[in-house]
1. Is it true that residue 78 is closer than 19 Å to residue 43 by Cβ and touching a strand residue (DSSP E or B) at 6+ places or on another chain (Cβ under 8 Å)?
2. In the stretch 108-122, is there at least one residue being assigned to a strand (DSSP E or B), within 20 Å of the chain's Cα centre (by Cα) and closer than 19 Å to residue 171 by Cβ?
3. Kindly provide the set of residues from the stretch 126-166 that are farther than 29 Å from residue 70 by Cβ, surrounded by 14 or more Cβ atoms within 10 Å (Cβ to Cβ) and free of Cβ contacts under 8 Å to residues at least 60 places away in the same chain, ordered by number.
4. Look through the stretch 106-119, keep the residues that are under 16 Å from residue 167 (Cα atoms) and in contact with a helix residue (DSSP H, G or I) (Cβ under 7 Å, 6 or more places away or on another chain), and return whichever of them is modelled with the lowest pLDDT.
5. How many residues are surrounded by 19 or more Cβ atoms within 10 Å (Cβ to Cβ), at pLDDT 90 or above and within 24 Å of residue 165 (Cβ to Cβ) when one looks only at the stretch 63-88?
6. Being touching a residue at least 40 places away in the same chain (Cβ under 8 Å) and touching a strand residue (DSSP E or B) at 6+ places or on another chain (Cβ under 6 Å) is the filter; apply it to the stretch 111-125 and report the residue that is surrounded by the fewest Cβ atoms within 10 Å (Cβ to Cβ).
7. Applying the selection to the stretch 64-99, what residues are in a helix (DSSP H, G or I) and within 25 Å of residue 125 (Cα to Cα)?
8. For the list (1) in a strand (DSSP E or B); (2) surrounded by fewer than 18 Cβ atoms within 10 Å (Cβ to Cβ), I need the number of the one condition that residue 169 fails.
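The values are calculated or read from the model by the stated rules, or taken from the named source; none is laboratory data. In this text, all values refer to a predicted model and were calculated from it rather than measured experimentally. Cβ atoms come from the backbone with ideal geometry, glycine included; neighbour counts cover every protein chain shown.
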């Protein structure tokens, strides 16, 4: 089998083609890494939100749950880069079965979201729940954590990464 020698100028064409495609390949690779990082962060935040709700629903104080969350997710800086909203929902009176926001505690160093459940003293907005039984209290834990990608997609693509990821858990 004989090997053909490249003609004069072909080697230069290959280098030019490589130089033109390399930035696009790097941009695609870094974008994939950023997307994977965001998915991982979202999964960690969902697990953390569920665990916090589980602890508080079992009688642990919000402050103790916050301290436990900090130990469980050491790579995440909850104090500086997150927001957690713990909302207790129940009846205001024995005759009114409407769910109301009874109390709310916000922790974390950022303010990304307003509670989707509602403000203290207002009727609670819960997915699929319009009434609540006497003596039953629900707990909603809403969370948000900052996300900053390594590289922003070019503006001409119309794509962008969110500035934070959010989660919610109901107990």
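1. yes
2. There is no residue in the stretch 108-122 that is assigned to a strand (DSSP E or B), within 20 Å of the chain's Cα centre (by Cα) and closer than 19 Å to residue 171 by Cβ.
3. 132
4. Ranking the qualifying residues of the stretch 106-119, first place goes to 110.
5. Number of matching residues: 8.
6. 113
7. 65, 66, listed by residue number.
8. So the condition that residue 169 fails would be (2).
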